[in-house]
Amino acid sequence: MTDSLLFKTITIRGVTLKNRVVIAPMHQYSAIEGHAQDWHVTNVGRYAAGGAGLVFVESTKVERRGCGTIGDLGAWRDDHIPGLTRLADNIRLNGAVAAIQLGHSGARARCFRPWAGGKPLTRVAAEAEGVTDWDAWERIAPAVSEDGARALTRAEIQALVMSWGQAVRRCNDAGFDIVEIHAAHGYLIHQFLSPVINQRTDDYGGSEQNRRRLLMQIVEEARRFWPADKPLFVRLSVEDGAGFGPDQSVALAQAIKPLGVDVIDCSSGGITGSPVSDTLGYGYQVPYAERLKSDGGIMSMAVGLIVHADQAEAILQNGQADLIAIAREAMYNPNWPMDAAIKLGADINAASTPPQVAYWLDKRRGSGNIVPSTFGTGIDRLSNDGDA
Ligand SMILES: Cc1cc2nc3c(=O)[nH]c(=O)nc-3n(C[C@H](O)[C@H](O)[C@H](O)COP(=O)(O)O)c2cc1C
């Protein structure tokens, strides 16, 4: 066995992860009226059984208005709790710690699913799919937007902050151990942070301090309902390409850490263009995680085209992040963590997979002359000749 940081345990507050592989939040667009379905259970289960230390449930909405699509998952009513409990239970049953991201789409609400084009939804299409509350499914923003979203009043902002607290309370009731506040990708909280989008003239707009007020109040409200021994993450677009960049992110992290935030999940984009890059290359957001960790004085999670085991291990060894989040590569290979453990020579039996799987894979590895199907290329294709 070799010493691998990726497969070393890590403890944050009262929660210990068996390794540092995290499955990033990924929308499934498959809920019905916010309720989790069998698909969600299968999906999180296969990620947990693949050996990740932490498995995130997708951006789950704190308000009906916050739903990006008809299929968004919800935590805005108590009757969502049983479905969320099934997800948390299933993640735990399969050996991982259960995490959930909470979000609100703001002006980006009410769209077609990505595979149906992702454009603004129409009332006719929504009603054809059984939506009965089109008018209540309102698009809201910090200030009136060009595309017709309505500006929130101050009273509505206070109610919204309370909705976040109630959603956090439901996630605790459902048995999740980690909650993440989605403050990235051009959605509502990010719209408040943005100097371009947030044109409010009261104390929720204008200066940097005012623009971060909503997030700070949400963090405080979340902490009222989230036990002190459970970690709280925040996802930021550390560089949004529109006036909010690493310097602002570092200052923000320093402001929210004392309020009880433990980890910054370092993403980018969303005000202009897509936050999910296909073109920027391996580990395109790792520099942001490195910057937050070094200058923000807070733990960071790296995400974005982290594809190979040796790549993930190097990010940790170089001190660029504390956690490694995988999204699309885990879709391709839900067993990525156990595959990475074998490639890095880590102890899969103890560190990665449930015994029903680990026992057999360990035994096969012991035979010495079988190379798994995923072997052959790594991030450094020239030097990786594919030997086990
Ligand atoms: C299908 C899909 C759904 C996603 N849903 C979310 C989400 O719910 N919340 C979020 O913050 N990011 C979401 N993302 C972004 C991922 O969490 C991740 O940051 C991004 O895909 C880059 O990582 P990757 O290169 O490993 O895929 C989603 C990405 C994909 C592909």
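None of the figures in this text is laboratory data; all of them are computed from the coordinates on show. Computed from a predicted model, the values in this text were never measured in an experiment. FYI the Cβ positions are ideal-geometry reconstructions off the backbone, even for glycines, and counts take in every protein chain you see.
Summary table
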{"item": "Rounded to 10°, Cα long-axis angle of helix 213-225 versus longest principal axis of the chain", "result": "60 degrees"}
{"item": "Rounded to whole Å, sorted largest first: equivalent-ellipsoid semi-axes of the chain, Cα gyration tensor", "result": "35, 23, 19"}
{"item": "Region 147-176 residues near the modelled R224 label - backbone nitrogen below 11 Å, point 7 Å along Cα→Cβ", "result": "159, 161-166"}
{"item": "Local electrostatic count, A184, Cβ distance below 11 Å [Lys/Arg +1, Asp/Glu -1]", "result": "-3"}
{"item": "Rounded to 5, percent antiparallel among DSSP beta bridges of region 10-367", "result": "10 percent"}
{"item": "Extension gain from Y332 to K363, taking 0.36 nm per residue of separation minus the Cα-Cα distance", "result": "8.7 nm"}
{"item": "Sequence ranges 123-129, 182-188, ranked by mean other-Cβ count within 10 angstrom, highest first", "result": "182-188, 123-129"}
{"item": "Helical contribution to [θ] at 222 nm, DSSP H n ≥ 4, -39,500 (n - 2.57), averaged over the chain, rounded to 500", "result": "-10500 deg cm²/dmol"}
{"item": "Cross-link reach list, lysines versus K230, counting only Cα pairs under 28 Å and skipping chain neighbours closer than eight places", "result": "K8, K18, K61, K257, K293"}
{"item": "Nearest-0.05 FRET efficiency for D295 and D79, computed from C-beta distance (R0 30 Å)", "result": "0.10"}
{"item": "0 to 90° range, to nearest 10: angle between helix 246-256 axis and the chain longest Cα axis", "result": "80 degrees"}
{"item": "Label-zone membership for region 37-73, site A116, 7 angstrom Cα→C-beta point, backbone N under 15 Å", "result": "67-73"}
{"item": "Degrees, to the nearest 10: 286-296 long Cα axis against longest axis of the chain", "result": "70 degrees"}
{"item": "Theoretical FRET efficiency, 1/(1+(r/R0)^6), r = Cβ-Cβ of V124 and H35, R0 25 Å, to 0.05", "result": "0.55"}
{"item": "Cleavage-rule hits, chymotrypsin sites (Phe, Trp or Tyr not before Pro), region 17-91, DSSP coil, Cβ neighbours within 10 Å at most 12", "result": "none"}
{"item": "Calculated FRET value between T279 and R154, using beta carbons and R₀ = 30 Å, to 0.05", "result": "0.15"}
